Structure formats: structure tokens, C-alpha cells
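Reading through the C-alpha cells given below for one structure.
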Amino acid sequence: MRSLCRLLLLACLLPLALGAGAPRLTFVTASETPLENPHDVKLSPDGKYLFVSDVGNNRVAILDPETLDLVASFGADHQSGTHDVDFDAAGRVYVADTHNNRVTIYELDGFDARLVGELRARIRGPEGVLAHPNGRVYVAGAWSGNLVVYDGERVVAELGGLRSPHDVELAHDGVNVWLADAGNDRLLLLSPELEILEELGGPKYGFAGVRYLDLTADGMLIAADKNNHVIKFIGPDRELHFVLGDDGKPGRGIGKFRTPEGVEVRGEELWLADSGNDRVVKYRLR
């Protein structure tokens, strides 16, 4: 029955578009792994595994990126409210351990995660983490309303005046940083030193609690607009090209979401955390 369902899902095309740059999306599959309020998702550097911030289970769940079956997990014995995951150039894993007010750092040996450090200074309730190629770590403190930059364990920069900031992602140029300032319903493009370079918000985008995001190889932003229950695709021209979901109406099914949060894209493959429906879904971009 499961194989038949997947074959049917593979046949479902979603060719809706708002502009010439809009993608075509094919729904591939949805997870059946027991997850509780999954948030951001991240592929391992080798692309073999999908790491899921499984908030309600206080762990990082590791899924097969093709089938979305559970392969392994870690952290349930010491994490609380796991929200985000990232990898540095050495393959270490950085986890937003939100309710413990810290970012935990792990070294992996297969699926064995060994806790080797943590970041705590000047953050409360971290919900976004980026291990930048410049060697620094950017952490969004959702409860402290700030973005903090660490060099090792030392704070070297801080941006305040934010409201429930969430995801931090590397920009298309590999230098600058995108920040989802969820409580202010906007995305900010920042320099590595946290100078605000650009702001995407207001009626043009209509964000309502924008959470996590990722970028395609050609620079299209894909953002989970949580309280609108949709995924928004914004082109390099900063135009809103496509909306996936029934805007303002939560649902469950192909092209429908309930409070989505996580986004990961690599090549033509797109993974989304349909958080309110306790699942991860996979699409293919064309």
C-alpha cells in the first residue's frame, strides 16, 4: 500500500505559477516517521542524510532523504526544544538547543554524536544557527531578540532590535547572510558584520511569521511563511514568483501545509517541514 501511495504521489504535478520565473513542482513523498513539530531540516554535507530538528521529541532525527524513513537520532537525553541544525567545514554539527538556551556542538562518528562544546553567551531561546564559511557562527536568539556572532566562544558582533528571529542562512554570494526576523514579518540581508543591506517585508510579500528559508543555486529564496501556512518563492529580482499552499488556510495533503517551518533545497530536490502536521514532505523542482 505504501509503495502504491508513493507512485500516486509521484504522478502529482503542481504547475501553478505567479510569474515567468516560477518553478514547476512535483510532489514526491511525505514522511511516516513519528515526528512531533519538526522545524528546520538540513542535508548532511555528503547529501546522504537529512537532519531534522524534531522539536517535540527533543532530538535531531536523521532521515533517508529519498524515502524519509528514520535512520537514527541523537540528543533526546539532553536536548530540549531542538529547532535548527547546521554543519561547519569540518563536519561538526551545530544544534539550536532552544529551551536550554544554548547551541550544542557535536562531532559525528557514523551516527554516534559526541557533544564537544556549546555556545551560550548573550542568547536566550536560540532558534537559528549558521556555521559561516568565514569560520564564525551566527545564532538567532528568538527569546533575546538578537543575532549574535561567535568566533570560537567569544562574541564578536551582535544585532539587536529584532523580534523572535529564526533562521540564519548563507546568501547566494557565499558572503552575506539572510535572517528571518519572524516577529517583524521580514527577511533581512546582512553583511558578515551585521550591517543591514536589504529588507524584504511589507504588503509586497505579506509575511506572517516567516521562519526558515533556503536558496536555490540560482539565488531564488524559498521561505516558510508559517502563519499563512504557505511556502513563498522569491526570485533574485526580489519578486514573489510563486506561493505553494492555500494562503491563510491550514490543510494536509499535496500542496497544503499547517504552520510550515523548515526548508532545505539542493539541486532539484526540496524538503519542507510541515510542522503542524508532524511530517516532512519532499518535492522536486523543475
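The values are calculated or read from the model by the stated rules, or taken from the named source; none is laboratory data. Owing to the predicted nature of the structure, the values given are computational and were not obtained by experimental measurement. Virtual Cβ from ideal backbone geometry, glycine too; neighbours counted across all protein chains shown.
Considering each residue of the stretch 135-152 in turn, at least one proves to be more than 30 Å from Ile234 (Cα to Cα), out of contact with any Asp or Glu (no Cβ under 9 Å at 6 or more places or on another chain) and surrounded by fewer than 21 Cβ atoms within 10 Å (Cβ to Cβ). Could you list, in sequence order, the residues of the stretch 217-231 that are at negative phi and more than 13 Å from the chain's Cα centre (by Cα)? Of everything in the stretch 217-231, those that are at negative phi and more than 13 Å from the chain's Cα centre (by Cα) turn out to be Ala217, Asp218, Met220, Asn227, Asn228, Val230.
Quick check on Tyr283: is it out of contact with any helix residue (DSSP H, G or I) (no Cβ under 9 Å at 6 or more places or on another chain) and not in a loop (DSSP other than H, G, I, E, B)?
Working: out of contact with any helix residue (DSSP H, G or I) (no Cβ under 9 Å at 6 or more places or on another chain): yes; not in a loop (DSSP other than H, G, I, E, B): yes.
So Tyr283 passes the test.
Considering (1) touching a residue at least 12 places away in the same chain (Cβ under 8 Å); (2) closer than 20 Å to Gly219 by Cβ; (3) out of contact with any Leu (no Cβ under 7 Å at 6 or more places or on another chain), the lone condition that Val148 does not fulfil carries the number (2). None of Val281, Val210 is among the β-branched types (Val, Ile, Thr), within 28 Å of Val155 (Cα to Cα) and touching an Asp or Glu at 6+ places or on another chain (Cβ under 6 Å) except Val210.
Does Phe233 count as in contact (Cβ under 8 Å) with a residue 12 or more places away in the chain, of a type outside the set (Asp, Glu) and either closer than 13 Å to Pro23 by Cα or out of contact with any strand residue (DSSP E or B) (no Cβ under 9 Å at 6 or more places or on another chain) (or both)?
Values: in contact (Cβ under 8 Å) with a residue 12 or more places away in the chain: yes; of a type outside the set (Asp, Glu): yes; either closer than 13 Å to Pro23 by Cα or out of contact with any strand residue (DSSP E or B) (no Cβ under 9 Å at 6 or more places or on another chain) (or both): yes.
Here the answer is yes, as Phe233 does meet what is asked.
Of Pro203, Pro260, which residue is within 24 Å of Leu43 (Cα to Cα), modelled with pLDDT of 95 or more and not in a strand (DSSP E or B)? Exactly one residue qualifies, and that residue is Pro260. In the stretch 166-176, what residues are aliphatic (A, V, I, L, M) and buried (at least 24 other Cβ atoms within 10 Å of the Cβ)? Once the filter is applied, which keeps residues that are aliphatic (A, V, I, L, M) and buried (at least 24 other Cβ atoms within 10 Å of the Cβ), the stretch 166-176 yields only Val168.
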